[in-house]
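Inspection log for the structure reproduced underneath, given as structure tokens.
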Amino acid sequence: MFFSFPPFLQTAAGMSSTATEMAYWVIALQKNDLLNEQSMTALWKPAVLNNGKTAGFNALLNGYAAGWPVIGRKDHPAVAPVGGGRAALFIYPKDNLSIIVLTNLSGAVPDSFIDELAGLFIPGMNR
């Protein structure tokens, strides 16, 4: 059965895409085919609040850039748009790695285990 979100929710929850389409998009981002390197750096730079800190959705997603939740950490920082607990895309810019998890399972929360998948490709990855 096909479900479509009402128009007022589509910018936050109405995107439909295949894993292949997402992969092409992420590769284009990482190769600076869509934006130049300076623009990508600005896009993924977390906003600093008046108290001098960053804040995000939780302990993992601890910052927020221009529409992108950010995982700010010394080793293996990431930008990580998440899809309402059912999908996740983590881009590790310094490691040249992206991981996409798409599911239709309510409550799957792939952002809770996607770093573990990254650890298979990034030597010494600690969460």
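Where a number appears in this text, it was derived from the coordinates with a stated rule and is not lab data. Since we're looking at a predicted model, the values are computed, not measured. Neighbour counts run over all protein chains shown; Cβ positions are idealised from the backbone, glycine included.
Qualifying trypsin sites (Lys or Arg not before Pro) in the range 65-94, where qualification requires a DSSP coil assignment and no more than 10 other C-beta atoms within 10 Å, comprise K74. The angle between the Cα long axis of helix 19-30 and the main principal axis of the chain comes to about 30°, on a 0 to 90 degree scale. Around the amide H of Y64, modelled in the peptide plane, lie the amide H atoms of A47, A55, V70, all under 5 Å away and 5 or more residues distant in sequence or on another chain. Per-residue Cβ neighbour counts within 10 Å put D115, D33, D95 in the sequence D33, D95, D115, beginning with the fewest. Across the range 27-60, the residues whose backbone nitrogen lies under 17 Å from the label position 7 Å along the beta-carbon direction of D95 are 27, 30, 60.
The ranking of T20, T103 by Cβ neighbour count inside 10 Å, starting from the fewest, reads T20, T103. When the Gaussian network model of the chain links Cα atoms closer than 10 Å, the mean-square fluctuations of N62, N32, N50 top out at N50. Going from the fewest other Cβ atoms within 10 Å to the most, the residues W25, W44 appear in the order W25, W44.
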